[in-house]
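Right, one structure below, let's go through it.
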Amino acid sequence: MCAIVCDRLGDPSVLKIEERPIPQPGLADVLVKVGAASVNFPDVLMLSAGYQHKPELPFIPGMEGAGTIAAVGTGVKGWQAGDKVIFGVRPGAMAEYACVTPAGSLMRLPEGWSFAEGSAFRVGATTAFHSLIHRAQLKRGEILLVHGASGGVGMAAVQLGKHLGARVIATGGDDARLAVVKANGADEVVNYRTADFVAVVKELTGGKGVDVVYDPVGGEVLEKSVRTAAYGARLLVVGFTSGGPSKLMSNHLLIKGLSILGVRAGETIRRHSPELGRDYTEELPRLAGLGVMRPHISHRFPMERAADAFRALIDRKVVGKAVIEMPA
């Protein structure tokens with residue numbers, strides 16, 4: 001098979017296409033013929049060892065994909081060759097074939113979805129679900145502020161928040177991209193490059209502030225978000241695509257009675273609360289079937305342009321997700 005390979009650390013230029021043996025499924029594995037794999041910010045960080053999970057070199061990037069099951073291990077129940085699926089791996093999705101353990105990492109591709117859409121669903125959907133339902137326990141009628149809303153995890157939070165009955169305020173740095181976010185469920189959008197999002201949010205909420213902040217950006221954005229929070233609000237620390245962590249003033253947290261909630265969806269179900277994994281295998285497919293968190297894909301690339309796919313994400317050109325499509 002052909003695979004996209006990172007054999008040394010660096011920027012996306014280190015990626016190359018190599019021939020590799022097709023992996024053989026073990027007793028509890030399935031082999032998936034990959035139709036598409038999506039690019040996530042952790043994939044970019046892994047190229048330079050900037051992510052908490054550091055795969056051993058050389059490795060095949062890609063945390064999520066979609067395709068058709070080609071073979072199943074003798075111990076696998078409920079799946080068979082020919083099933084169209086969405087899958088997660090750590091990493092290894094950016095190849096013509098991927099070996100996957102079904103438990104907690106496999107779901108059926110919803111009817112009418114392309115492989116590209118399926119490949120762009122899992123990371124954003126699990127992050128949004130864990131954040132808004134498991135951690136923040138978002139309630140109908142509450143106000144949700146989503147930063148980085150034009151990215152994959154941000155847009156999934158907008159869609160899920162709207163489905164849960166929240167009023168959704170979304171921020172981003174480009175009016176055209178924010179128009180897509182609004183079309184995907186945001187009640188109001190704020191361009192933080194042309195307006196002070198703190199002042200706008202306070203005006204939109206009549207001075208009350210928001211009940212939940214969903215922040216994959218970090219840095220100054222999270223620090224300023226404290227000023228948008230209502231008393232007793234929950235601040236979700238999803239990531240730091242701005243490049244660094246935040247410094248929060250403890251007196252502000254005390255006076256407003258705020259809760260700071262870290263979000264690590266995969267780590268939580270793997271090591272700490274595996275019982276929550278049932279929600280991902282049961283509830284996420286149901287929501288996908290309803291069209292909730294259906295990915296928006298702005299960029300599609302063939303395998304030979306994998307570096308361009310990574311650069312599109314780095315350069316903030318992507319709205320929703322960028323995907324790499326494998327040969328048919």
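The values are calculated or read from the model by the stated rules, or taken from the named source; none is laboratory data. None of these values were measured; they are calculated from a predicted model. Counting neighbours? That spans all protein chains shown, and the Cβs are built from the backbone with ideal geometry, glycine included.
Here are the numbers for the structure shown:
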item	result
Odd one out for Leu145 among (1) of a type in the set (A, V, I, L, M, F, W, C); (2) over 29 Å from Met303 (Cα atoms); (3) in the same structural domain as Lys317 (by TED's automatic domain parsing); (4) outside any loop (DSSP other than H, G, I, E, B)	(3)
Leading residue by the ranking (nearest to the chain's Cα centre (by Cα)) among those in the stretch 288-315 that are farther than 11 Å from Val44 by Cα and among the charged types (D, E, K, R)	Arg294
Subset of the stretch 274-319 that is β-branched (Val, Ile, Thr) and surrounded by fewer than 19 Cβ atoms within 10 Å (Cβ to Cβ) - its residue that is nearest to Gly118 (Cα to Cα)	Thr281
Number of the condition not met by Ser246 [criteria: (1) under 18 Å from the mean Cα position of the chain (by Cα); (2) without any contact (Cβ under 8 Å) to a residue 40 or more places away in the chain; (3) outside any helix (DSSP H, G or I)]	(1)
Selection within the stretch 184-204 - among the hydrophobic types (A, V, I, L, M, F, W, C) and either outside the structural domain of Gly151 (by TED's automatic domain parsing) or under 23 Å from the mean Cα position of the chain (by Cα) (or both)	Ala186, Val189, Val190
Among (1) small (Gly, Ala, Ser); (2) surrounded by fewer than 21 Cβ atoms within 10 Å (Cβ to Cβ); (3) within 12 Å of Gly92 (Cα to Cα) - the single one Gly26 does not satisfy	(3)
Members of the stretch 194-215 that are part of a loop (DSSP other than H, G, I, E, B) and either farther than 28 Å from Leu313 by Cβ or modelled with pLDDT under 95 (or both)	Thr205, Gly206, Gly207, Lys208, Gly209
Pick from the stretch 88-138, criterion of a type in the set (Ser, Thr, Tyr) and within 25 Å of Glu18 (Cα to Cα), ranking: surrounded by the most Cβ atoms within 10 Å (Cβ to Cβ)	Ser119
Qualifying residue in the stretch 309-327 (condition: within 27 Å of Ile17 (Cα to Cα) and free of Cβ contacts under 8 Å to residues at least 12 places away in the same chain)	yes
Residues that are under 26 Å from Leu178 (Cβ atoms) and assigned to a helix (DSSP H, G or I), drawn from the stretch 285-313	Leu287, Ala288, Leu290, Asp308, Ala309, Phe310, Arg311, Ala312, Leu313
Count - residues of the stretch 181-207 that are among the basic types (Lys, Arg) and surrounded by 15 or more Cβ atoms within 10 Å (Cβ to Cβ)	2
Test: residue in the stretch 252-263 that is in contact with a His (Cβ under 9 Å, 6 or more places away or on another chain), crowded, with 20+ Cβ neighbours inside 10 Å, part of a helix (DSSP H, G or I) and not basic (Lys, Arg)	no
Pair list, Cβ under 9 Å, 6 or more apart: the stretch 174-186 residue touching a residue at least 12 places away in the same chain (Cβ under 8 Å), other residue of a type in the set (S, T, N, Q) and in a helix (DSSP H, G or I)	Asn184/Gln159; Gly185/Gln159
All positions within the stretch 42-87 that are under 15 Å from Val123 (Cα atoms) and crowded, with 22+ Cβ neighbours inside 10 Å	Asp43, Pro61, Gly62, Met63, Glu64, Gly65, Ala66, Val85, Ile86, Phe87
Only one of Ala322, Ala265 that is modelled with pLDDT of 90 or more, touching a helix residue (DSSP H, G or I) at 6+ places or on another chain (Cβ under 9 Å) and among the small types (Gly, Ala, Ser)	Ala322
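Table: residues versus (1) under 19 Å from the mean Cα position of the chain (by Cα); (2) under 26 Å from Val44 (Cα atoms); (3) in the same structural domain as Ala199 (by TED's automatic domain parsing); (4) in contact (Cβ under 8 Å) with a residue 40 or more places away in the chain.
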{"residue": "Glu223", "(1), (2), (3), (4)": "no, yes, yes, no"}
{"residue": "Thr228", "(1), (2), (3), (4)": "no, no, yes, yes"}
{"residue": "Tyr231", "(1), (2), (3), (4)": "no, no, yes, no"}
{"residue": "Arg234", "(1), (2), (3), (4)": "no, no, yes, yes"}
{"residue": "Ser242", "(1), (2), (3), (4)": "yes, yes, yes, no"}
{"residue": "Leu254", "(1), (2), (3), (4)": "no, no, yes, no"}
